[in-house]
Amino acid sequence: MFQNPEETYCIAHSTAQSKLLADLERVTFLRSAYPHMISGALQGRVLAMISKLVKPLRVLEIGTFTGYSALCLCEGLQPGGSVITIDNNPEIELIAKSYFSQSSWKDQIELKIGDAVTILPTLNQGFDLIFIDADKENYPVYYALAVSLLNSGGLMLVDNVLWGGKVLQPAVHHDKETRGVLSFNQLLVNDSAMEVVMIPLRDGLTMARKVS
Ligand SMILES: C[S@@+](CC[C@H](N)C(=O)[O-])C[C@H]1O[C@@H](n2cnc3c(N)ncnc32)[C@H](O)[C@@H]1O
């Protein structure tokens, strides 16, 4: 929904999202205070395509919001696979759970409400796919915690790595969110255990494969 013409053209020439996802996107714009946070049709199809290629057994998402991206990530799950998604805003619980329960993965998605910084250390290792999409200030913290939960050969996806272009602005303009994203981007590219590609999709999406 706030799409530029290129994005609209890309969506028109991509496989359509499901009716459930289209409904969730519309409801998110009608009912939530910050609807632009949703991944939306184009990035959603990218997340679903990546998940279908990875075929994960265990997926972790940091930043559920209304549940749109979690449902996209479910599309590639192996039979018996599962998604754990974390959000610290209890107000999203009703809408996310309502859409999870209407999906084919209703028994495979676990929503944990709470601070991801506290919840991540309580999780067992062994995720094949991790999507980081929560508060930008904490991106370096999420990276340190999430990388230890990721399987060797597993894939980490990270949204908003361009942060509206603020990562390119002079340091004097940097707020705590921009500093978090900048520090995360540098940590990741300097980590020899990760193979990284940053893609200028929407607000910037990084894909990082754990090679060792
Ligand atoms: C950009 S939205 C996520 C969008 C979602 N992944 C999607 O594509 O539809 C970021 C979410 O992170 C959550 N969040 C912010 N700080 C958090 C924290 N410390 N722990 C867990 N979730 C947090 C917010 O409540 C918000 O719902």
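Summary table below
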{"item": "Count of the stretch 4-56 residues which are under 20 Å from residue 81 (Cβ atoms), of a type in the set (A, V, I, L, M) and within 18 Å of the chain's Cα centre (by Cα)", "result": "8"}
{"item": "Inter-residue pairs, beta-carbon under 8 Å, first surrounded by 11 or more Cβ atoms within 10 Å (Cβ to Cβ) and in the stretch 1-20, second not in a helix (DSSP H, G or I), 6+ apart", "result": "7/202; 11/3; 20/102; 20/103"}
{"item": "Among residues of the stretch 167-212, those that are surrounded by fewer than 17 Cβ atoms within 10 Å (Cβ to Cβ), in a helix (DSSP H, G or I) and either of a type outside the set (A, V, I, L, M) or under 18 Å from the mean Cα position of the chain (by Cα) (or both), counted", "result": "5"}
{"item": "Residue in the stretch 102-113 that is outside any strand (DSSP E or B), buried (at least 19 other Cβ atoms within 10 Å of the Cβ) and of a type in the set (Phe, Trp, Tyr) present", "result": "no"}
{"item": "Complete set of residues in the stretch 38-62 that are surrounded by fewer than 23 Cβ atoms within 10 Å (Cβ to Cβ), within 11 Å of the ligand (Cβ to nearest atom) and not in a helix (DSSP H, G or I)", "result": "38"}
{"item": "Candidates 70, 96 - the one that is modelled with pLDDT of 95 or more, in a helix (DSSP H, G or I) and within 8 Å of the ligand (Cβ to nearest atom)", "result": "70"}
{"item": "Residue in the stretch 117-128 that is of a type in the set (S, T, N, Q), over 19 Å from residue 196 (Cα atoms) and crowded, with 16+ Cβ neighbours inside 10 Å present", "result": "no"}
{"item": "Those residues of the stretch 99-130 which are among the small types (Gly, Ala, Ser), more than 9 Å from the ligand (Cβ to nearest atom) and at negative phi, in sequence order", "result": "101, 103, 104"}
{"item": "Residue, farthest from the ligand (Cβ to nearest atom), within the stretch 73-93, restricted to residues that are closer than 16 Å to residue 18 by Cα and in contact with a helix residue (DSSP H, G or I) (Cβ under 6 Å, 6 or more places away or on another chain)", "result": "76"}
{"item": "Test: residue in the stretch 131-150 that is on the phi < 0 side of the Ramachandran plot, assigned to a strand (DSSP E or B) and either touching a Phe, Trp or Tyr at 6+ places or on another chain (Cβ under 8 Å) or away from the ligand (no atom under 14 Å from the Cβ) (or both)", "result": "yes"}
{"item": "Residues of the stretch 49-80 classified as of a type in the set (Val, Ile, Thr) and touching an Asp or Glu at 6+ places or on another chain (Cβ under 8 Å), total", "result": "4"}
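The values are calculated or read from the model by the stated rules, or taken from the named source; none is laboratory data. Quick caveat: nothing in here was measured; it's all calculated off a predicted structure. Please note: Cβ atoms are built from the backbone with ideal geometry, for glycine as well, and neighbour counts cover all protein chains shown.
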